1. Is it fair to say Ala59 is among the hydrophobic types (A, V, I, L, M, F, W, C), surrounded by fewer than 12 Cβ atoms within 10 Å (Cβ to Cβ) and without any contact (Cβ under 8 Å) to a residue 60 or more places away in the chain?
2. Kindly establish whether Gly46 is under 9 Å from the mean Cα position of the chain (by Cα) and surrounded by fewer than 17 Cβ atoms within 10 Å (Cβ to Cβ).
3. Going by the structure shown, is Ala59 modelled with pLDDT of 95 or more and of a type in the set (Gly, Ala, Ser)?
4. Could you list, in sequence order, all residues of the range 65-79 that are exposed (fewer than 14 other Cβ atoms within 10 Å of the Cβ) and either within 10 Å of the chain's Cα centre (by Cα) or modelled with pLDDT under 95 (or both)?
5. Evaluate the following for Gly34: is it more than 25 Å from Asp7 (Cα to Cα), surrounded by 15 or more Cβ atoms within 10 Å (Cβ to Cβ) and over 11 Å from the mean Cα position of the chain (by Cα)?
6. Answer yes or no as to whether Thr41 is farther than 10 Å from Val85 by Cα, surrounded by 16 or more Cβ atoms within 10 Å (Cβ to Cβ) and among the hydroxyl-bearing types (Ser, Thr, Tyr).
Amino acid sequence: MALYLGDVKSNLATSSNTVVAHPARVRGIYYSGGSNVGAITVKDGGSAGSTIAVFVTPASGYGNITFPGDGILCSSNVYAALTNVEAVTVFYS
């Protein structure tokens, strides 16, 4: 029997932006890197909010980042700061 932790939704961002405008648990991230090594910074509470996690991305690469258990909790909103990253899809519940 499968354990369901809630419906999973997704939002796309092509620049630094609030990707989920309410409290949420980030379940995973799919990204497309830029021409240089980049970074994805996940923040809780907008651009000036608390940094929750930072991920380095390869140049001209793409990948998938998954989180164990219940994912990463952002109690205010989910903001993704993108540096040399073309796009991210954030999966959340």
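The values are calculated or read from the model by the stated rules, or taken from the named source; none is laboratory data. Please read all numbers here as calculations on a predicted model, not as lab measurements. Every residue, glycine as well, gets a Cβ built from its backbone with ideal geometry; the counts of neighbours run over all protein chains shown.
1. Judged against the criteria, Ala59 is a match.
2. no
3. no
4. Thr66, Pro68, Gly69, Asp70
5. Spelling it out, Gly34 is indeed more than 25 Å from Asp7 (Cα to Cα), surrounded by 15 or more Cβ atoms within 10 Å (Cβ to Cβ) and over 11 Å from the mean Cα position of the chain (by Cα).
6. Details: farther than 10 Å from Val85 by Cα: yes; surrounded by 16 or more Cβ atoms within 10 Å (Cβ to Cβ): yes; among the hydroxyl-bearing types (Ser, Thr, Tyr): yes.
Answer is yes for this residue.
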